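The values are calculated or read from the model by the stated rules, or taken from the named source; none is laboratory data. These numbers come from a predicted model, not from an experiment. Please note: Cβ atoms are built from the backbone with ideal geometry, for glycine as well, and neighbour counts cover all protein chains shown. Please note that ligands, DNA and RNA were not included when accessible areas were found on the heavy atoms of the full protein model with its side chains. Shrake-Rupley method; radii C 1.70, N 1.55, O 1.52, S 1.80 Å.
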Amino acid sequence: MDLNTDAIAISDLHKYYGRFHALQGINLTIRKGEKVVVCGPSGSGKSTLIRCINQLEEHDAGDIRVFGTLLDDNVGSIDEIRREVGMVFQHFNLFPHMTVLENCTLAPTLVRKISRAEAEKTAMRFLEKVRIPDQAHKFPGQLSGGQQQRVAIARALCMQPHILLFDEPTSALDPEMIAEVLDVMVSLATEGMTMVCVTHEMGFARKVADRVIFMDKGEIVEEAPPEEFFSAPKNERSKLFLAQVLGH
Amino acid sequence: MDRASFWRSKTIRDGVLQAAFLAALIGLVLTAVLTARANLAAQGLTSGFDFLWKSTGWEMNFTLLHSERDDPYWYFLLLGLMNTLFMGTIGLAGASVIGLVVGLMRSGRNPAARLLGTLYIELFRNLPLIVQLFFWYALANALPNPRQAIEFAGAIISSRGIYVPGLTVTSGAVALAVAALLIGAALAIWIATARRFRRMERQRQRGAALMAFGLAALVAVIALVTGHDSTQPWTTFPAVDGLRVSGGFRIQPEFYCLAIAIMTYGGAYIGEIVRGGFKAVGRGQMEASRALGLSNWQVFTQVQMPLAFRAMLPILINQYVWLIKATTLGIAVGFSDFFMVIASSINHSGQTIEFISILVGGFLFINFSLAAILNRLNRAIALKGHQTGGAA
Amino acid sequence: MTLATDFRPRHSRLYRLRRAYFASPLTGLVTLLSVAILAWLAWIVLDWTVLQATFDADANQAICAERAGACWSVIANRWRIILFGLYPLDEQWRAGVACAVVALVIVLSCLPLMWRFSRLALVWVLGTAVFYTLMRGGIFGLVPVNEQQWGGLPLTLFIFVATGILGMPLAIGLALMRRSELPVIARVSGWIIDTIRSLPLLAILFTCAIVLPFMLPGFLIGEKLYRVIFGAALFFAAYQAEIIRGGFQGIPRGQEEAAKALGLGYWQRMGKVVLPQAFRLALPATINQFVIAFMETSLVVVVGFMELLAASNTAFRTGEWRFAYIEVYVFISAIYFAFVFGLSRYGAWLEARMSAGQRKD
C-alpha cells in the first residue's frame, strides 16, 4: 500500500448479476484527498460501483487498485483494503446488541489490536466530532435516525481510514435529520478526507465535491466539476436526470 | 325489575355466565375427587399424603443416588425427578449441540454440507420420536451378549449396556464435581459475554474467564479426591468376566437409547430454529462488520452469533420445554423418570388423585422454572430500543 | 448500451466450483467430509435395501442370513399384522377401504376449494362416519368388529382424525374463552390452557386410560379408546388454542371495531370477521400442529393399543422374525414419513404462497 499514489484506480470494471450486466466497463481514478459525488437514477450501478471498492460485491472483470494495492482473489488484499476504507450505509447498519461506544471500539480492538482504553478514547473523540458524545452508552435502537447515521460515521472514522465511502447516507432519513448528517460530512470534507459519496443531495455536491460523476445503465455517462455539471450538463441523460432531481 | 330487563342487564348477564362457568368447573373437579375417594375407601385405602412415608416395595432400575426396595415413596419420587432433570439436561445439551451443527450446515454456503444437513433434518424430524426410540432400543438389545461383547477404546459394548472405564469415587463427589464444572463454565461464559465486563481489556477479560473456569476445575478435582476410597485403585476398567462384565461403569441401554433419541430428534428441530435465527440476522449488519475489516470468524462470533441467538431464543424456550416433557417416553423402554415412578406408584399404591396432583405439580414446577430462567435470560439480552433497518 | 466486447470472465467454471466448495482449507475439509458421508450413506442404503436384500416372500431367517442386506420377506409375511393389527382377517378389506376414506378426507381438506367451515365440517364428519361404520360394522350386513380388535394403520388414522375433529372445536372454544371480555372466564381458561400445555401428552394419555376410571362416575367411563382420544384432543386443543390466539393477535384492531360499528353481534363478529382471518393467519402453524398430532398418535402404544407402531412390534417380536426388526421399522417409518413429510411440505408450500400473496397487497 502506497499512500503517495492515486487513492482509487479502477479500469474496465465489469460486474454481472446473473445475466444482468450491472457495471459495463468503468474507468475511474480518484486522487488522494479528492471528494467525488456519484449520482444517477436508481439501478444505474452507482452503489454496486462503490461496493466493489471494498469488495462487498465481487467484480467479474477489470482491475481495482486502492493506494496501489490490486484487489484480487487474495484474501489478504481484501482485508488490507477494508482496514483502510471506511463505509457508511444507507440503513446505518449499526450493531443493535452493542452500545454506541462498543460499536465504535469493536473493529479497532479486534482488527487493529488497539487496547480498549485507547480505542475508547479515540471513539469519544470522534463521537464528539459528530456531536453525540452524550449518547455513548445508549443502544442504537434508542437513537433517532440522524443520530444513528452520525454514530455510523464515527464508527467508520474510528478505524482511521484513508478513504470513506458513503452509500446514500441520507436517503433513509426524515427530512429534518438530513442536515445534521450533511453538516458532519461537510466538516469531514474540509479536513481533507478522500470521500466517494453516492447521494442525491445536490446542495452537498455543489458545496464540497471536486468532481461529479453521473452514471446510467452501468456506465459513467458524464464526469465534470460540479459548477459545470449543474450549469451545463452535456449529456441528454444527465440533463433529464438533473431536471427530475432539481425539479425544474 | 321484570324478567326481560333482568336478563338484558349486561352486568348481571356477565356475572351469571362467569358464575356458571366456575360452578361447572368446580363441580367437575369435586365429582372426580369424591369418586376417587369413594373408590379408595372401597379398597380400604385412605386418601391424603401419609403414604409418602411408606416403603415402596419395588426397585428403580436407574438411580443417581443409592436406593433400596424399602425406601419410602417420597425418596423414589425425588430420585425420579432427579432422573428426569438429569436426562433433560443431557438431552437438551446434546440436542443443542447437534442443532447448532446442523443449523450451521444448513445456513452455510457449502452445497454438500447443506444437503447433508437437510437430509438429517428431514429424516429425524418427520418420524415420531417414539418410533425412533423403539428403533434405538431394538438395536441396543440386538448387540451381542457380554460373552461376545465388542471392545472399543477401553469400553465394552453389549446388549446389557455399554461399560466404560470410570473413577472409583462416590456419586455425590461426581455430582459435586460436575456441578462445579457447570457453574465454572457458566461463569466463564458470563464474564466473556456480559455487558458488565465489556469495557475490560480483551486479554484481561479472557484471563478472568479462564481463571473462573480454572477455579471451578480445581474445586471439581478436590471433590473427586475427597470422594475417593483410598483403599481402592483410582480407576476401574470393565472386563468380560464369564457371562457378565465386571468393573467399569455401566450405561444402561434404557438410558442411552432415550438420550440418543431425544438428542437426535431434538437436534433436528433445534437445527431448524438455529437456521431461522441466522436467517433473521440483517444482511446490513454483516456487510457493515465486513466493511470494518473483521475476519469471518470475528463477524461470526461478534455479530452473527449474538444476533442470531437473540432471534432464536424465544422459540428455543418452547422447544426446550417440549423436549423436557419428552423424557417421559422413558416409560416405553423402562427408564425410571419422574413419570414412570408416578405410574408405578399408582399401580402399586392405588393413590390416584394424590399422585396425579404430584405429577401435575412436578411438571408445572419443572416447566415454569425452566421457562422462567430462559425468559429472564431473554429479557436480559433483548435488543434495546426500536429496531429499524434491521433486515435489509 | 455498449456490450463489452473484450469481456474476459475472471471466473471460469472451475474457479466457481473451487470458490463454492474449496474457498478455504476449512470449507474444503467440510466439503470432502460431507461428500464422503453422503456417498457412504447412499451406498449403505442402496446396498442394504436393494443390492444385497432378499425379496423372496418364502425366504426364512437362514436364507436371508446368506445375504448381508435386508430381509424383505418379513414384510411379505407380516404386512397384514403391521397394517391391520388383530382385525379379523376376512374383514381386513374394510379396514383398507376405511384408510382410503381417511386419506381422501385429508387430501380434500388440503384443497383451498374446501376452505369453508361448512364444507370442511361436512367432509370430516361424513368421512368419520363412513370410517366408523366400515370399521365397527353391525349394520348394512357388516360383521360387527369391536374397538378392541382394531389395530394398525386404521387405528392410528382413527385416533388422528378423531383427535382433530374433537380438538378443533375445543380449541376454538378455549381460544375464544381466553380472549373473552369476562375476566374470570379469560383468566381461568388461560390457566387451563397453560397447565395442559406444560404436561406431557403421555401423562395425559396415561391418566385418561388408567386413572380416569377411578375418578369418574360409572356412566361416564366409556370405552378406553374414547377416553384416550379425549385426552389427545384436550392436549391438541390447548396447543391449537394458542395458535389461534396468535392468529387473533395478527388481526388489526380496526377489523373488530368496524364489525362492532356495523352493529354485528358477538357470534356474527366472531364467525364472519374474526375467526376466518385468524385461521388464515394461523394456517401454517395449524398444519404443523396436525403433523405433530399425527406423530403423537404413536404414543398410545404405551397405554396398550395395537396401533401401527405396536402392531409392528408384535410383527417381529413373535415367532421366527425376531431378527428382522430393522426391516419392520424401516417399513413403518416409510409410512409415517410419507404422511408427515407430505403434509409438512404442503404446509411450507402454503406458507410461501400466503406470504407471496401478502407482498402483493
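Yes/no per residue for (1) surrounded by fewer than 21 Cβ atoms within 10 Å (Cβ to Cβ); (2) within 29 Å of C:LEU309 (Cβ to Cβ); (3) at pLDDT below 90; (4) within 13 Å of chain C (Cβ to nearest Cβ):
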| residue | (1), (2), (3), (4) |
| --- | --- |
| B:THR56 | no, no, yes, no |
| B:ASP71 | yes, no, yes, no |
| B:THR84 | no, yes, no, yes |
| B:VAL97 | yes, yes, no, no |
| B:VAL102 | no, yes, no, yes |
| B:PRO111 | yes, no, yes, yes |
| B:LEU123 | yes, yes, no, yes |
| B:GLN132 | no, yes, no, yes |
| B:GLN148 | yes, no, yes, no |
### Message
For the range C:22-99, give me every one of the helices (runs of 4 or more DSSP H) that falls completely inside it and has 2 or more residues that are in the same structural domain as C:ALA315 (by TED's automatic domain parsing).
### Response
C:73-84
### Query
Any idea how many residues of the range A:169-207 are among the aliphatic types (A, V, I, L, M), touching a residue at least 40 places away in the same chain (Cβ under 8 Å) and touching a Leu at 6+ places or on another chain (Cβ under 9 Å)?
5
### Task
Taking A:VAL130 as meeting all but one of (1) surrounded by fewer than 16 Cβ atoms within 10 Å (Cβ to Cβ); (2) in contact (Cβ under 8 Å) with a residue 40 or more places away in the chain, write down the number of the exception.
(1)
### Task
Check off (1) within 14 Å of another protein chain (Cβ to nearest Cβ); (2) buried (at least 17 other Cβ atoms within 10 Å of the Cβ); (3) of a type outside the set (Phe, Trp, Tyr) for B:ALA24 and give me the number that stays unchecked.
(2)
### Message
Can you tell me how many residues within the range C:285-307 are open to solvent by less than 30 Å² (accessible area, probe 1.4 Å) and more than 13 Å from chain B (Cβ to nearest Cβ)?
### Response
2
### Message
Name the single residue that is surrounded by the fewest Cβ atoms within 10 Å (Cβ to Cβ) among those in the range A:1-30 being free of Cβ contacts under 8 Å to residues at least 60 places away in the same chain, among the polar types (S, T, N, Q) and over 12 Å from A:VAL66 (Cβ atoms).
### Response
A:ASN4
### Query
Restricting the range C:37-52 to residues that are within 15 Å of C:ILE326 (Cβ to Cβ) and within 28 Å of the chain's Cα centre (by Cα), which is farthest from the other protein chains (Cβ to nearest Cβ)?
C:THR49
### Number of the exception - B:LEU77 against (1) under 30 Å from B:VAL281 (Cβ atoms); (2) modelled with pLDDT of 85 or more
(1)
### A:ALA117 vs. criteria outside any helix (DSSP H, G or I) and at the interface with chain B (Cβ under 8 Å from one of its Cβ atoms)
no
### Message
Can you tell me how many residues within the range A:49-83 are part of a helix (DSSP H, G or I), open to solvent by less than 20 Å² (accessible area, probe 1.4 Å) and either of a type in the set (Ser, Thr, Tyr) or within 14 Å of chain B (Cβ to nearest Cβ) (or both)?
### Response
5
### So A:ASP210, is it surrounded by fewer than 20 Cβ atoms within 10 Å (Cβ to Cβ), closer than 26 Å to A:ARG82 by Cα, at pLDDT 90 or above and not basic (Lys, Arg)
yes
### Query
Can you name every residue in the range B:266-296 that is within 30 Å of A:ARG83 (Cβ to Cβ), open to solvent by 10 Å² or more (accessible area, probe 1.4 Å) and under 30 Å from the mean Cα position of the chain (by Cα)?
B:PHE278, B:LYS279, B:ALA280, B:VAL281
### Task
Could you figure out which of (1) within 14 Å of chain A (Cβ to nearest Cβ); (2) touching a residue at least 60 places away in the same chain (Cβ under 8 Å); (3) open to solvent by less than 10 Å² (accessible area, probe 1.4 Å) isn't true of B:ALA308?
(2)
### Query
Got a sec? Which helices (runs of 4 or more DSSP H) wholly within the range C:140-224 have at least 1 residues that are over 30 Å from C:TYR336 (Cα atoms) and at pLDDT 90 or above?
C:152-178, C:183-198
### Task
Among the residues of the range C:308-331, write down those that are facing another protein chain (nearest Cβ under 10 Å) and part of a helix (DSSP H, G or I).
C:LEU308, C:LEU309, C:ALA310, C:SER312, C:ASN313, C:PHE316, C:ARG317, C:TYR325, C:ILE326, C:VAL328, C:TYR329, C:VAL330
### Task
Kindly check whether there is at least one residue in the range C:200-210 that is within 13 Å of chain B (Cβ to nearest Cβ), closer than 22 Å to B:ALA20 by Cα and touching an Asp or Glu at 6+ places or on another chain (Cβ under 9 Å).
no
